[in-house]
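A.B. asks: First the structure, which I've put down as structure tokens, then a few questions once you've had a look.
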Amino acid sequence: MTPRQLYSRHRRSLWPLAAFLSLSTVVFVVAQPPGGKPSPAIAIDGAQTPERIPDWILWRELFRRVSTVSDMSAMHGKDIWVDKLHMTMPQMNELLQRASEHRDMDSAKHADAKRLKASSKETKESLRIKLRQTQMSQEVEILKLRDKLRSRIGNEAFERLLSYARLNIAPTIKVGNIVVKQ
């Protein structure tokens, strides 16, 4: 088949295809940050894709919810953790203990970050690096708390708690500008 025959046969789809390719190229070029490298940040909406929420964020929010419920409820969340998720009282106490450890750690990390930001010794770049190190340290500590909780309450109770977190907490989380490690 000659090019002329191809053109006459596919004339109707050729122009929309050419327009699409041109527009795609323009969008791709405009979306690039200065320097030409693709942005390594992503945004996640837990209501749309709860499975994409990183574990450390899911557990951070679970520990926060446990602390909040514990502080606000006269029963310290017994109606959720024991009655609804069928945890034993010792398992619930372990959960409350880990949530308390998280709250203390979170407060300390927040105070460290505030102190760093207020410091006049730090350059913008060194401040960024130290804040990122603080963040990474916090992520690791949250996962250690999760693992400690799992070892203390057992896999069955842990899986019920994880299921609760995925169904009730993950859909409420919106995360913006997560840096993707390449």
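The values are calculated or read from the model by the stated rules, or taken from the named source; none is laboratory data. Keep in mind that this is a model prediction, so the values were computed, not measured. In this analysis, Cβ positions are derived from the backbone assuming ideal geometry, glycine residues included, and neighbour counts consider all displayed protein chains.
A.B. asks: Here are the criteria: (1) assigned to a helix (DSSP H, G or I); (2) under 29 Å from Ile42 (Cβ atoms); (3) without any contact (Cβ under 8 Å) to a residue 24 or more places away in the chain. Tell me which single one Asn93 does not satisfy.
C.D. replies: Going through (1) assigned to a helix (DSSP H, G or I); (2) under 29 Å from Ile42 (Cβ atoms); (3) without any contact (Cβ under 8 Å) to a residue 24 or more places away in the chain one by one, Asn93 breaks only (2).
A.B. asks: Which pairs do you get when a residue that is assigned by TED's automatic domain parsing to the domain that holds Leu162, found in region 131-148, comes within reach of a residue that is loosely packed, with under 13 Cβ neighbours inside 10 Å and modelled with pLDDT under 95, reach meaning Cβ atoms under 8 angstrom, with the pair 6+ apart or on two chains?
C.D. replies: Note: pairs meeting the criteria are Leu131/Lys117.
A.B. asks: For region 33-68: of the residues being more than 17 Å from Glu94 (Cα to Cα) and basic (Lys, Arg), which is modelled with the lowest pLDDT?
C.D. replies: Among them, the one singled out is Lys37.
A.B. asks: In the list Asp112, Asp106, which residue meets the criterion of being assigned by TED's automatic domain parsing to the domain that holds Arg65 and under 27 Å from Arg152 (Cα atoms)?
C.D. replies: Asp106
A.B. asks: Can I ask one more? What are the pairs, 6+ residues apart or on separate chains, where a residue within region 73-85 that is assigned to a loop (DSSP other than H, G, I, E, B) has its Cβ under 7 Å from a residue that is among the aliphatic types (A, V, I, L, M)?
C.D. replies: Note: pairs meeting the criteria are His76/Leu96; Gly77/Val66; Gly77/Val69; Leu85/Leu161.
A.B. asks: Please state which of the following conditions Leu127 fails to meet, knowing it meets all the rest: (1) among the hydrophobic types (A, V, I, L, M, F, W, C); (2) under 21 Å from Arg64 (Cβ atoms); (3) in contact with a Leu (Cβ under 9 Å, 6 or more places away or on another chain).
C.D. replies: (2) is the only condition that Leu127 fails.
A.B. asks: For region 78-90, state whether one or more residues are of a type in the set (Lys, Arg), in the same structural domain as Arg146 (by TED's automatic domain parsing) and closer than 17 Å to Ile142 by Cα.
C.D. replies: Scanning region 78-90, I find no residue that is of a type in the set (Lys, Arg), in the same structural domain as Arg146 (by TED's automatic domain parsing) and closer than 17 Å to Ile142 by Cα, so the answer is no.
A.B. asks: Hey, Leu6 hits all of (1) surrounded by fewer than 12 Cβ atoms within 10 Å (Cβ to Cβ); (2) among the aliphatic types (A, V, I, L, M); (3) modelled with pLDDT of 70 or more but one; which does it fall short on?
C.D. replies: (3)
A.B. asks: All but one of (1) part of a helix (DSSP H, G or I); (2) over 21 Å from the mean Cα position of the chain (by Cα); (3) more than 25 Å from Leu131 (Cβ to Cβ); (4) at pLDDT 85 or above hold for Ser22; state the number of the condition that does not hold.
C.D. replies: Against the list (1) part of a helix (DSSP H, G or I); (2) over 21 Å from the mean Cα position of the chain (by Cα); (3) more than 25 Å from Leu131 (Cβ to Cβ); (4) at pLDDT 85 or above, Ser22 comes up short only on (4).
Conditions (1) exposed (fewer than 15 other Cβ atoms within 10 Å of the Cβ); (2) among the small types (Gly, Ala, Ser), marked per residue:
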site	(1), (2)
Ile53	no, no
Met75	yes, no
Ala99	no, yes
Ala118	yes, yes
Thr123	yes, no
